[in-house]
Amino acid sequence: MKIKIALPKGRLLKNTACLTHNAGWGLEGYSEDARLYHLYSRRFPELNARIFQEKDIPIQVAVGNYDLGICGLDWVQEFMVKYPGSNLLKIKNLSYGRSSLFLAASPLAGYSYPSSLKTASQPISIASEYPNLAEYLALNLRLKRFNIFPIWGAAEIYPPENADLIILQAAGERQIFDYGLNPVMKVLESQAYLIANKNSWATRDLSEILDGLFSAIETIETVRDASTDNHGYPVERATHPNLTVHTDWWEGKIHLALPDGHAQKHVVNILEKAGIKIFDYPSTSGNRTPRIEIPGIAVKVIRPQDMPLQVANGKFDIAITGKDWVEEHLYKFPSSPVMNLLDLKYSRVKIVAAIHNDIPVNDIRSLREYAMSREWKLRIASEYVNIADKYARDHHLYMYRIIPTWGATESFLPDDADLLIENTETGNTLRRHNLKIIDTLFESTACLITSTESLRKPGAEVISTFVEKLKKAIEES
């Protein structure tokens, strides 16, 4: 019987590859330039491994798709505080990949210690990639009123204008200070962890695989961080004495969110065509507050996935994101004030439904009938969990389960999902993974969004000026 293990990409890959090599697993192709997601062992024919985004690993192990997994303790705890009764077991600290989760705030906020949060007269907003841990912490600190804003990343840019507090991963306090923030408390010490499915751990003989791994772990030197007490409880931190911050650049302005990542080159191109100068975007130094040459507009660079929710909550007035993420937001919040101002005509992709070529169907109707005849509970993998759920309901996929993913979703089929809802430009990536498109949900392009409230605020005429400049550039291109 096969033994399946989920392995991480990203920050833990290099050390995990070294560990599995020293354990004698003989996994082919597990390296930083890996081109395949599925790995096989020369030494243990029964061992199958797959490379995942770290955040995906706890849920994959918990639901029983994988017997074992390796990922950071931060993502394990993020999953377990929401699902404490799941089938996920923490097996062993692997002694590498050290980092910490910090609760941090702007020096302007006046939150230096956890005790200072209890006197807040207004609701405290907390932004984080770890929303479950954020809620758990807020409840344990007995905050009177708080709001949690889930985000996809770049938490450090949110305080003080767009969030009072953030929970983010950092190597240490120095990194928090470098962001211009104060560490209020350390929430969690994280290292790479071996985790297991509870049923697999109880019923399967994993000793041959794990003996070599445990022996390899013993060769890794462990160093305990002196800032953590013996129980791993949060430790209060002091403020940085020399840090100065101001918010004049943000106050009284129209707030524009621009995307990070590969979309930046398209944004720069359309701004140049519109005669709008922007400075330090993209930034070689990691700056996320570029200056734009339009009086009355202040800019921050955040993840496109986060923009609709941030605009809806009044944290930004206008934003450049994708129609796909707007639809994802509106399916979850149909009464949201977010509205599309302008189609920017670039980053054109299709949101499609795809299945593995081995399934003998060619459209969603025949897939539904095929699944019903075999009494399948369809597993639908997607970054677009709300779009995927609506699609399943609209097409009467009576038995289904949505599997949230955070990238490389095409690799989930056929072992870990049956249906994929994904964006594609050419379809080449899907074809390389032996997948076929059976339906197109809609076409997505970049768009400029706002909210009904933002259009009514003082200075909103700047939005009209910005839109007209972009519209003219699009018409002339």
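Each reported figure results from applying straightforward, stated rules to the coordinates on display, with no laboratory input. Remember, it's a predicted structure, so these values are computed and weren't measured experimentally. So basically every Cβ, Gly included, is an ideal-geometry build from the backbone, and we count neighbours across all protein chains shown.
Between the listed residues 170, 441, 413, the Cα displaced farthest toward the positive end of the dipole of the chain, a dipole computed from Cβ unit charges relative to the Cα centre, is found at 441. The charge dipole of the stretch 349-444, taken about its Cα centre with unit charges on the Cβ of Lys, Arg, Asp and Glu (plus for the first two, minus for the last two), comes to roughly 160 debye.
Pairs exceeding a 24 Å alpha-carbon distance, out of 198/377; 323/390; 350/436; 265/471; 300/390: 300/390. Would you work out which of 31, 274, 127 lies farthest towards the positive end of the dipole of the chain? Charges go on Cβ: Lys and Arg +1, Asp and Glu -1. Projecting each Cα onto the dipole axis, the largest value belongs to 127. In the list (i) 41.5; (ii) 24.5; (iii) 22.8, the label attached to mean projected area of the Cα convex hull in nm² as derived from the coordinates here is (ii). Here is the list for the stretch 249-355: chymotrypsin sites (Phe, Trp or Tyr not before Pro) lying in DSSP coil, each with at most 12 other C-beta atoms within 10 angstrom of its C-beta, are 249. Here is what passes the span test in the chain: the DSSP H helices with alpha carbon length of 20 Å or more along the helix axis and a Kyte-Doolittle mean of -1.0 or above are 461-476. Here is the list for the stretch 1-90: GluC sites (Glu not before Pro) lying in DSSP coil, each with at most 16 other C-beta atoms within 10 angstrom of its C-beta, are 28, 32, 46. Here is the list for the stretch 138-221: GluC sites (Glu not before Pro) lying in DSSP coil, each with at most 10 other C-beta atoms within 10 angstrom of its C-beta, are 218, 221. Each residue in 50, 11 was given a count of other beta-carbon atoms within 10 angstrom of its own, and listing them fewest first yields 11, 50. For the stretch 176-184, take each phi angle, set θ = phi - 60°, evaluate the Karplus expression 6.51 cos²θ - 1.76 cosθ + 1.60, and give the result in whole Hz per residue in order, putting x for glycine and proline. Couplings: 5, 4, 5, 7, x, 10, 9, x, 7 Hz. For the stretch 99-189, the alpha carbon convex hull comes to 83 Å³ per residue, rounded to a whole number. Net charge in the neighbourhood of residue 46 (other residues with Cβ under 13 Å of its Cβ; Lys, Arg +1, Asp, Glu -1) is +2. Compute the distance from the alpha-carbon center of the stretch 415-474 to that of the stretch 74-99, in whole Å. Computed from Cα coordinates, the inter-centre distance equals 34 Å.
Given their separation in residues at 0.36 nm each and the Cα-Cα distance between them, residue 434 and residue 82 gain 123.2 nm when the chain is fully extended.
In this structure the amide hydrogen of residue 146, modeled in the peptide plane, comes within under 5 Å of the amide hydrogens of 124, none closer than 5 places in sequence on its chain.
When you restrict to C-alpha pairs under 8 Å that are six or more residues apart and normalise by the size of the stretch 349-444, the relative contact order lands at 51 percent.
Taking Lys and Arg as +1 and Asp and Glu as -1, the other residues whose beta-carbon sits under 9 Å from that of residue 106 total -2. Based on Cβ point charges of +1 for Lys and Arg and -1 for Asp and Glu, what charge dipole magnitude is obtained for the chain about its Cα centre, in debye rounded to the nearest 20? Once rounded to the nearest 20, the dipole reads 340 debye.
For residue 184, nonlocal amide neighbours, meaning residues 5 or more places apart or on other chains whose placed amide H falls under 5 Å from its own, are 103, 104, 105.
Each Cα pair under 8 Å and six or more residues apart adds its separation to the average, and for the chain the resulting relative contact order is 14 percent.
Given a cut-off of 30 Å, name the pairs among 2/92; 55/186; 55/277; 186/457 whose C-alpha atoms lie farther apart than that in the structure shown. Table pairs above 30 Å Cα-Cα are 55/277; 186/457. Considering only 289, 20, 152, the residue lying farthest towards the positive end of the dipole of the chain is 152, judged by Cα position with unit charges set on Cβ.
For the pair residue 33 and residue 358 in one chain, pulling the backbone fully straight at 0.36 nm per residue adds 114.2 nm over the alpha carbon distance.
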